Amino acid sequence: MQDSPPTASMPSGDPPRDPSREGPRPRGAASLVARLTRWNMAVLVTTVVLCFIVIATTGWFSAQERQASLSQGSARVLANSLAPMLVFEDREAARNELQSFVRRGDVLEVQLILTSGQLFASWEAPGQHSDLLVSQAMSHPAMHHEADAQQLRVWIPVELRGERVGTLYLRESLQALHQQLQRAILLVALMLGVAIVVASRALRFVQRRALSPLVELSRLAEQVASDQNYSRRARVHHPDEVGRLTERFNQLLRRAEAWQAELNRQLRAEQAAGQQFQRLAHEDSLTHLPNRLYFQSALQRRMAQARDQREGLALMFIDLDNFKLVNDGHGHEAGDAVLVEVSRRMSGVLRGSDVLCRLGGDEFALILPGRSAESVVSNLAQRLIAVVREPIVIEGVPVQVGATIGVASFPEDATDEAGLLGQADAAMYAAKRAGKNTFRKAGEVNSHEA
Ligand SMILES: Nc1nc2c(ncn2[C@@H]2O[C@H](COP(=O)(O)OP(=O)(O)OP(=O)(O)O)[C@@H](O)[C@H]2O)c(=O)[nH]1
């Protein structure tokens, strides 16, 4: 057989890819490292800012308290030295004492008031006006202080030998303290800013290291999803949760690989079975020549090709002579053996492009593609008749059959398959009538003879 029946194309072992599961990470999907760093930074910055607020507030209040206690201490010393001057009504000495006291610089106002409520001596910084109410000064029996954001006020009783002789009122500016504190806060803020920058770098580095096995696993999963190569394996870095996850993932890969191998094996088996089925459907089981089903499609295909390429084609209809006698005389099995041998002999004299088919019984058809010269066709018919006529030895007994051939040419005798086969069939019958073991061409058979 020169033209083998077509085989069915089977799908490859790999299942189809799903493009939606491939490709880079979608836009806007941040990496786990970046997301974790952002969250950690948010927590860190919030904590640092809260700490900063607590430190600054506590610092402010404790600095104010320290300033108040310092001022109270110096006011007490001043009150002690002013007490005798108050008793002896030495205003000049009291003013001098106040003058030397206010050299400290932060003082805005000092007032010395007698128990009667009368002002004994005072000092006010340039541009300052006293804000003291006498009733307020006398209302505090013991040392007392008040502070707001800008100023500190101290009231202290002036006593001599345990007896109250007046009140000393001191008002101080907290501006210097403010500036000092601002500088300290700025310095702390700067240091915290640097600490945040260093911490963010360190966090990113640590998280990148800690999450690298997870990132590696995710990359591997993406690769496997993309190329479906289940023989890949992920590296287990540490025997922690991620390590165990990696082991489970490798286990899944091993199973998927085994499933894929089994699926491929099944597909190959089905492919082979399909090819076998295709072959059997188009093959004559006795002679292994292409059968009638294949002949019909082959003739259609070859004629279409001939039409397209403006080529010719010849068809021979071959019927064995006196084959029935073999069956009747030597049995059906002997008849089968003759059919097999005749097929083998006829195949032996054909060209590679010729297609010999068994149509059924003792009937054969031969497609000769291309435009063949008349003499070539005649010679081939004679050779076929000659090889078939050679005696065939069946179980030691020679038997003889013959062959009668009808030839039809495309496009001269017919332009469609049925017409061409009919013409070859008619020519063959004409040859039978002419005495068998011969051939006839459709073009030479006149209508009367047909
Ligand atoms: N052994 C065998 N015989 C078959 C097979 N198919 C058909 N036959 C027989 O082949 C014979 C064909 O009959 P014919 O073509 O009329 O017989 P013939 O002797 O060749 O007649 P002519 O063509 O006039 O020479 C019949 O007896 C069928 O039973 C087969 O597969 N095996």
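Values quoted throughout were computed directly from the atomic coordinates according to the rules given, and no laboratory measurement underlies them. The model shown is predicted, which means the values in this text are computed figures rather than measured ones. Using ideal geometry, Cβ is built from the backbone for each residue, glycine included, and neighbour counts are taken over all protein chains shown.
Applying a 10 Å radius around every beta-carbon, put 88-100, 425-437 in order of their mean neighbour count, most first.
Going by the mean number of other Cβ atoms within 10 Å, highest first, we get 425-437, 88-100.
Calculated FRET efficiency, R35 and S226, Cβ-Cβ r, R0 30 Å, to nearest 0.05?
About 0.80, to the nearest 0.05.
Distance in nm between label sites at V215 and A184, each 7 Å beyond Cα in the beta-carbon direction?
4.3 nm
Quick one: putting +1 on the C-beta of Lys and Arg, -1 on the C-beta of Asp and Glu, what dipole do you get for the range 228-270 around its Cα centre, in Debye to the nearest 20?
The dipole of the range 228-270 has a size of about 120 debye.
Specify the angular offset, from 0 to 90 degrees and rounded to the nearest 10, of the alpha carbon long axis of helix 32-87 from the longest principal axis of the alpha carbons in the chain.
Relative to the chain, helix 32-87 is tipped by roughly 0 degrees.
Quick check: the angle from helix 292-308's long axis to the longest principal axis of the chain, C-alpha only, nearest 10 degrees?
Result, in degrees: 80.
What FRET efficiency would be calculated for the residue pair A373, R292, taking the C-beta separation as r and a Förster radius of 35 Å, to the nearest 0.05?
0.75
With the dipole of the chain worked out from charges on the C-beta (+1 for Lys and Arg, -1 for Asp and Glu) around the Cα centre, which of A281, Q382, H144 lies farthest toward the positive end?
Checking the options against the dipole of the chain, the answer is H144.
Would you work out which of L112, L192, C51 lies farthest towards the positive end of the dipole of the chain? Charges go on Cβ: Lys and Arg +1, Asp and Glu -1.
Of the candidates, L112 comes out farthest on the positive side.
Calculate how steeply helix 241-281 sits against the longest principal axis of the alpha-carbon atoms of the chain, using the helix alpha-carbon long axis, and give the answer as 0 to 90 degrees to the nearest 10.
20 degrees
Label-point separation (nm) for L119 and A386, each offset 7 Å from Cα along Cα-to-Cβ?
Placing both labels 7 Å beyond Cα along the Cβ direction yields 15.6 nm.
Compute the label zone of N322 within the range 350-384: residues whose backbone N is under 15 Å from the point 7 Å along Cα-to-Cβ.
In the range 350-384, the label zone of N322 (backbone N under 15 Å from the point 7 Å along Cα→Cβ) covers no residue.
Which shape class applies to the chain: rounded if a/c is under 1.5, otherwise prolate when a/b exceeds b/c and oblate if not, where a ≥ b ≥ c are the square roots of the Cα gyration tensor eigenvalues?
prolate
Give me the percent relative contact order of the chain, please, defined on Cα pairs under 8 angstrom at least 6 residues apart.
Relative contact order of the chain: 14 percent.
Computed FRET efficiency, Cβ-Cβ of A258 and V43, R0 56 Å: what is it to the nearest 0.05?
0.80
Note down the nm distance, to one decimal, between modelled labels 7 Å out along Cα→Cβ at Q175 and at R344.
Going from the Q175 label point to the R344 one covers 12.8 nm.
Counting each pair of different Cα atoms once, what's the Kirkwood radius of the range 292-444 in Å, rounded to one decimal?
Radius from the Kirkwood sum: 15.6 Å.
Measuring from centroid to centroid over Cα atoms, what is the spacing of the range 315-351 and the range 61-133 in Å?
Spelled out, the Cα-based centre of one part sits 146 Å from the other.
For the chain, what is the mean residue ellipticity at 222 nm derived from helices alone (per DSSP H run of n ≥ 4: -39500 (n - 2.57); sum divided by total residues; nearest 500 deg cm²/dmol)?
Dividing the helical sum by the residues of the chain leaves -19000 deg cm²/dmol.
So in the chain, what percent of DSSP beta bridges are antiparallel if you round to the nearest 5?
For the chain, the DSSP antiparallel bridge percentage is about 95.
For the range 372-450, max minus min Cα coordinate along each principal axis, in Å, sorted largest first?
Taking max minus min along each principal axis of the Cα atoms, the range 372-450 gives 47, 26, 20 Å.
Could you list which residues have their amide H under 5 Å from that of F439, counting only those 5 or more apart in sequence or on another chain, with H placed in the peptide plane?
The answer is I405.
When the dipole is taken about the Cα centre of the chain, and only Lys, Arg (+1) and Asp, Glu (-1) are charged at their Cβ, what size is it in debye, to the nearest 20?
Value, rounded to 20: 1200 debye.
Counting other C-beta atoms within 10 Å, which of L313, L36 has the fewest, and how do the rest follow?
L36, L313
Above 26 angstrom, tally the Cα pairs of the range 121-269 and express them as a % of all pairs, no decimals.
It works out to 65 percent of all Cα pairs.
Need the full-extension length gain, E270 to L160, defined as separation in residues times 0.36 nm minus the C-alpha distance. One decimal, nm.
Going from the current span to full extension adds 27.5 nm.
Averaged across orientations, what area in nm² does the convex hull of the alpha carbons in the range 228-270 project?
Reported value for the Cα convex hull: 2.9 nm².
Roughly how many debye, to the nearest 20, is the charge dipole of the range 342-426 about its Cα centre, given +1 on each Lys and Arg Cβ, -1 on each Asp and Glu Cβ, and no other charges?
Charge dipole of the range 342-426: 420 debye, to the nearest 20.
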